[in-house]
Amino acid sequence: MTERKITEELLAAEKKNLEKVNHELDQFVHIASHDLRAPLRAIGSFAGILQKDCQDKLDPDSVDSLNQIVTGTQRMTELIDDLLTLSRISKVTNPFEPVNLRELINSVKKRLQSDIEKSRTVLTVHEPLPTVQCDRIKMPEVFMNLINNAVKYSSKKSGDQPRVDVGISERDGLYEFFVKDNGIGIDPEDHQQIFDMFKRLHSKDEYEGTGAGLYIVKTIIEEHNGRVWVESRLGQGSTFYFTIPKNLKS
Ligand code: ADP
């Protein structure tokens, strides 16, 4: 009995310690990201001024270097934005409350409108869309990332017009959502690792992005006691699925 008590106390102390380290790490990421933004903005805007004013005074190599500074600062700004999103997601917990999915998906569609139009994607949202218990601040990020990817990774595939379908089915006390595209697809060997933080299968030159999107999706879905996975083959489109339990309680 005493031995069991000692082990329990040790475990509780270790848990407390880990929570403290986790919190400090989170604070560090948050503060460092904020502090990095200001000097980065300065580098970006001065390099931008030089780009505009000195193009004709510089030799081609210097123009190239300057272009790389501007691209590099833009890329770093995107990474910092993603780090801030990740830190916000892990730090803040919002209550689960009834959220009208039709309204949620409509607002995501609006945010993606220009990319959808540019890529001539046919986006079909399948009715009915119920009202579900979830985090109303974080759940839009899930749809945003999945639909954005579906549009992005279908946009350059030659042949078919890009098509994206979004829908939901209900079973065994769960809601199961899908976001399906007819894009470039993913090799089954890579299905696991694409959900890792900053993992990408493509270079920045091929497709814009930082590799944080699916990690954010996975973190949010796991907070909802759900699961996310993909079914896909190279060249044959992808379907991302995720579940959340019905009647989630905060
Ligand atoms: P990002 O899109 O910024 O690279 P994500 O974390 O959203 O980052 O996705 C990780 C990787 O998974 C992507 O780089 C891409 O290779 C692959 N991926 C994600 N969604 C799709 C999709 N719908 N079709 C094909 N590949 C995808």
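The values are calculated or read from the model by the stated rules, or taken from the named source; none is laboratory data. The model shown is predicted, which means the values in this text are computed figures rather than measured ones. Quick reminder, even Gly has a Cβ in these numbers, built from the backbone with ideal geometry, and neighbours come from all protein chains shown. SASA here: full protein model, heavy atoms, side chains in, ligands and nucleic acids out. Shrake-Rupley method; radii C 1.70, N 1.55, O 1.52, S 1.80 Å.
Quick check for you: with a 1.4 Å probe and neighbouring chains kept, what is the accessible area per residue of the chain, in Å²?
On a per-residue basis, the chain sits at 61 Å².
Given R₀ = 35 Å, what would the calculated FRET efficiency be for ARG4 paired with SER250, taking r from the Cβ atoms and rounding to 0.05?
Rounded to the nearest 0.05, the efficiency is 0.65.
With the calculation restricted to Cα positions, what are the radius of gyration and Dmax of the stretch 96-245 in angstrom?
Rg, Dmax (Cα atoms, Å): 14.6, 43.
Expressed as a whole percentage, what fraction of the accessible surface of the stretch 101-250 belongs to carbon and sulfur atoms when a 1.4 Å probe is rolled over the protein heavy atoms?
45 percent
Can you give the FRET efficiency to the nearest 0.05 for GLN113 and LEU174, using r as the Cβ-Cβ distance and R₀ = 30 Å?
0.45
So how many Lys-Lys pairs in the stretch 2-91 land under 19 Å Cα to Cα, not counting same-chain pairs under 8 apart?
So the count works out to 5.
Hey, rough spin-label estimate for GLN51 and VAL122, points 7 angstrom out along Cα→Cβ, what's it come to in nanometres?
3.8 nm
Percent relative contact order of the stretch 69-152, based on C-alpha pairs within less than 8 angstrom and at least six residues apart?
Relative contact order, the stretch 69-152: 40 percent.
According to the square roots a ≥ b ≥ c of the eigenvalues of the Cα gyration tensor, what is the shape class of the chain, taking rounded for a/c under 1.5, prolate for a/b larger than b/c otherwise, and oblate for the remainder?
It comes out oblate by the Cα gyration axes.
Report in % the part of the accessible area of the stretch 2-91 that belongs to carbon and sulfur, leaving out ligands and nucleic acids; probe 1.4 Å.
Exposed carbon and sulfur together represent 61 percent of the surface.
Regarding the stretch 15-119, what are the three Cα extents along the principal axes, ordered largest first, in Å?
The Cα atoms of the stretch 15-119 stretch 59, 45, 17 Å along their principal axes.
Below 8 Å, C-alpha to C-alpha, sequence gap of six or more: please give me the relative contact order for the stretch 2-91 in percent.
This gives 41 percent for the stretch 2-91.
Going by a ≥ b ≥ c, the root eigenvalues of the Cα gyration tensor, does the stretch 87-131 fall in the rounded group (a/c under 1.5), the prolate group (a/b larger than b/c) or the oblate group?
oblate
Using a simple spin-label model with points 7 Å from Cα along the Cα→Cβ vector, what separation in nm is obtained for GLU24 and LEU11?
Between GLU24 and LEU11, the simple spin-label model gives 2.5 nm.
What number, in percent, do you get for the relative contact order of the chain if the mean sequence gap of Cα pairs under 8 Å and at least 6 apart is divided by its residue count?
16 percent
What helices in the chain pass both tests, a Cα length along the helix axis of 18 Å or more and a mean Kyte hydropathy of 0.0 or higher, using whole DSSP H runs?
Counting only whole DSSP H runs, the qualifying helices are 139-152.
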